[in-house]
Each structure stands twice: as C-alpha cells, then as structure tokens.
Amino acid sequence: MTASKKSLHDFTLQGIDGKPMPLAQFKGKVVLLVNTASECGYTGQYEGLEQLWLANKDKGLVVVGVPSNDFGGQEPGTAGEIASFCKRNYGVTFPLADKLVVKGEGAHPLYKWAGEMAGEACRPKWNFHKYLFGRDGKFIDWFSTQAKPMGPKIGEAVKKALAAY
C-alpha cells in the first residue's frame, strides 16, 4: 500500500498498559498525536493536552500521547513510571502509548508515514511535536513543539477538523 493510500487507522501502537492499541479504534474521531517526555522543559504541555482532550472528547477528539526518549534522553522511565507520572502530576486520562522511537531510521512505521505525509521539514525535532488527523485517519496538519495545546493555532485546527464531517 502506498503511503498516500494509508491512514492513521492502518497502524497499531502498544498501549502504555502493554496491550495493543489499534488506531482503527479511533475511526470517526479526530486524532492529535503527540510525542511526549516527562523530563522536558515542555512537559507542562501535558496539562494543556488534558484540557484540550476534556473540552473536545465528546465532540470527537482523541489525544494520543506517545512517550519518546529520542530527544535529550528526557523520557528514561518505564511504562509504569511514565503512566504514574502523567496521572499524578497532570491528571492525564487521554490514551498513552508505550515508549516509541519517533525519529530517524528506527522510527516506528506510524512516525515514518506521518513524516512522509507532513514532509521532511515537518518531522519531530523535539518533544511535544504534534500531528493532527481527520476522522478518516488522513493527515491534516502538524504543529511544532512550541505550539500550545490550548493555543489558537491548535484550537482552530481542531475546531475545523471536528466540524469537517
């Protein structure tokens, strides 16, 4: 299957609980995929991601956090430690994957595909890089680390994606 014919729904991650997380379960939902880290200067974005999720989950948004140790070794913990940290410090209730590689040749196939869809310059360069997918699983947009989850850029894109169907 060519990259352009694939969708988010063709991929499966491992959940933070160790169980498969087929992204096909999110068919009909808008998905914001975010590579995260617990020891990063941007870790506070977990709070905004949780707010975005709570404000929009009933409208069809799913935020999926993807812990990654790719940037500065800022996610050294185990799955259990990461899950506990996110819940305890930020009250995270949105789905979390287990730790993944999100850059380079060893990147998870989902991140390789998303990078192809977004373009070389739009691949993750640091923690809290965000990809937005429509209800059909097709790539819509990407947002840099600095884009705040509750900021106008992401807020408008999510609102538009939710209204598109």
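Applying a threshold of 6 Å to beta carbon distances and a minimum spacing of six or more residues, or different chains, the list of pairs starting in the stretch 88-101 at a residue that is acidic (D, E) and ending at one that is modelled with pLDDT of 95 or more reads D98/Q14; D98/I16; D98/A79.
For beta carbons closer than 9 Å, sequence separation of 6+ or different chains, a first residue in the stretch 32-51 that is closer than 15 Å to M150 by Cβ and a second that is basic (K, R), the qualifying pairs are L32/K130; V34/K130; Q45/K148; G48/K148; L49/K130.
Only a single criterion out of (1) touching a strand residue (DSSP E or B) at 6+ places or on another chain (Cβ under 7 Å); (2) of a type in the set (V, I, T); (3) in a loop (DSSP other than H, G, I, E, B) is not satisfied by V101, namely (1). Does G65 satisfy the criteria of being more than 24 Å from K5 (Cβ to Cβ), part of a strand (DSSP E or B) and at pLDDT 95 or above? Spelling it out, G65 is indeed more than 24 Å from K5 (Cβ to Cβ), part of a strand (DSSP E or B) and at pLDDT 95 or above.
Condition check ((1) at positive phi; (2) acidic (D, E); (3) crowded, with 21+ Cβ neighbours inside 10 Å) across all residues:
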site: K59; (1), (2), (3): no, no, no
site: V62; (1), (2), (3): no, no, no
site: V66; (1), (2), (3): no, no, yes
site: F94; (1), (2), (3): no, no, no
site: V101; (1), (2), (3): no, no, no
site: G119; (1), (2), (3): yes, no, no
site: W126; (1), (2), (3): no, no, no
site: R135; (1), (2), (3): no, no, no
site: M150; (1), (2), (3): no, no, no
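Consider the stretch 1-36. How many of its residues are of a type in the set (A, V, I, L, M) and assigned to a loop (DSSP other than H, G, I, E, B)? Within the stretch 1-36, residues that are of a type in the set (A, V, I, L, M) and assigned to a loop (DSSP other than H, G, I, E, B) number 2. Looking only at residues in the stretch 78-92 that are part of a loop (DSSP other than H, G, I, E, B) and in contact with a helix residue (DSSP H, G or I) (Cβ under 7 Å, 6 or more places away or on another chain), the one that is surrounded by the fewest Cβ atoms within 10 Å (Cβ to Cβ) is G91. Filtered by the rule that a residue be surrounded by fewer than 18 Cβ atoms within 10 Å (Cβ to Cβ) and modelled with pLDDT of 95 or more, the stretch 152-165 gives P152, K153, G155, E156, K159, K160, L162, A163. Flag: E39 does not match the condition of being part of a helix (DSSP H, G or I) and more than 14 Å from H108 (Cβ to Cβ). Filtering the stretch 129-146 to residues that are more than 13 Å from the chain's Cα centre (by Cα) and closer than 19 Å to D70 by Cβ leaves only Q146.
The values are calculated or read from the model by the stated rules, or taken from the named source; none is laboratory data. The shown structure was predicted, so the numbers you read here are calculated from the model rather than taken from an experiment. Here Cβ is always computed from backbone atoms with ideal geometry, including for glycine, and neighbour counts include all displayed protein chains.
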